[in-house]
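Every number here is computed from the coordinates shown, using simple stated rules; none is lab data. Here the structure is a predicted model, which means the values were calculated and not measured. Please note: Cβ atoms are built from the backbone with ideal geometry, for glycine as well, and neighbour counts cover all protein chains shown.
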Amino acid sequence: MRPKHLSRFFMKRAIVVFLFFYLPYQSFAWGALGHRIVGEIANSYVTGKASKEIKKILGNESIALASTWADFIKSDTTFRYLNEWHFINVDKGLNANQMQQVLQNDTAIDAYTRINFLSNQLKHKDLPQKKKVMYLRLLIHIVGDIHQPFHVSATGDRGGNDIRVSWFGQPSNIHRVWDEQLIEGQDLSYTEYTKAINFTTSQQRSQWQSLSLTGWFFESYKLSEKLHEDLKKPDLKLGYDYNFLHIATVNDQLLKGGVRLAGLLNEIFG
Ligand SMILES: [Zn+2]
């Protein structure tokens, strides 16, 4: 090969290698945007007392901005043990009672046991400040995560990460479509997005908040089951029609996540 061709050859290889490392192997849960929307919605429903306590812990960091710490920290290998905290995989075909049984006997490190752990820890007033900050950031994040249906999924395909689809012609997977691409496709900032969807009645809020923690998990589990069913069709080229069919569910889950996070924070700090 002549030098010109040679350099082109290496350039192509470099691009391939770059893309390989650039495309995330397992994407963030609810991308930064989704988490911040949940945080911003929660912020609008925390009581004055809870808000004051939260400020003592987070200082000037808002709930919205605190929500993404748990994903950013993934770049630090000393915190690798936290990777299991973001999701849960359980057996296929569970009904509500079976799900409750599974969760109540759950001793693994997963989103369910960690939400309980973090909520209990944060009730201790004498918890060191450093831990309070870390635990609160994690709790804010994980409550958001479990409202992304593919974070409460049946074992087998890593919460949809192994289901390859195309999103507007680009290779993706269904987990990533739900984490990021449906939300980012709306082309709104997290504050604009929150403003656009944050409409609830007090009746709705108390209904959502009164459902037990196992109920939150079961809701996402059923949703992910249905979304898996939908994907059994041969055509996994997703675009406008998929957005049209599912964006209301995405928005509903963001809203429920925010309202429930506020309820939980009010219970801990109220
Ligand atoms: Zn996460």
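Beta-bridge orientation, segment 30-269: approximately 45 percent antiparallel, per DSSP, counting only bridges with both partners inside. Taking amide H as placed 1.01 Å from N in the peptide plane, the amide H of Ala154 sits under 5 Å from that of Val90, each at least 5 places away or on another chain.
Determine the alpha carbon to alpha carbon distance for each of Lys226/Lys256; Lys56/Lys195; Lys132/Lys222; Lys130/Lys256; Lys232/Lys256 and list only those over 22 Å. Write down the numbers at each step before the final one.
On the way: Lys226/Lys256 18 Å; Lys56/Lys195 26 Å; Lys132/Lys222 33 Å; Lys130/Lys256 29 Å; Lys232/Lys256 27 Å.
With Cα atoms farther than 22 Å apart: Lys56/Lys195; Lys132/Lys222; Lys130/Lys256; Lys232/Lys256.
Once every DSSP H run of n ≥ 4 in the chain is given -39500 (n - 2.57) and the sum is divided by its residues, what mean residue ellipticity at 222 nm do you get, rounded to the nearest 500 deg cm²/dmol?
On the way: 12 runs with 154 residues, N = 270.
After summing the helix terms and dividing by residue count, I get -18000 deg cm²/dmol.
Fully extending the segment from Gln98 to Asp162, taken as 0.36 nm per residue of separation minus the present Cα-Cα distance, adds 20.5 nm. Modelled this way, with points 7 Å down the Cα-to-C-beta line, the labels at Lys74 and Ser189 are 2.5 nm from one another. Karplus-derived 3J(HN,Hα) values for segment 84-89, using 6.51 cos²θ - 1.76 cosθ + 1.60 with θ = phi - 60°, are 7, 7, 8, 7, 8, 10 Hz; glycine and proline are entered as x. Put simply, the Cα atoms of the chain extend 72, 40, 39 Å along their principal axes, the longest span coming first. For the chain, the longest piece that avoids every one of the chymotrypsin sites (Phe, Trp or Tyr not before Pro) found in DSSP loops with at most 16 other C-beta atoms within 10 Å covers 26-167.
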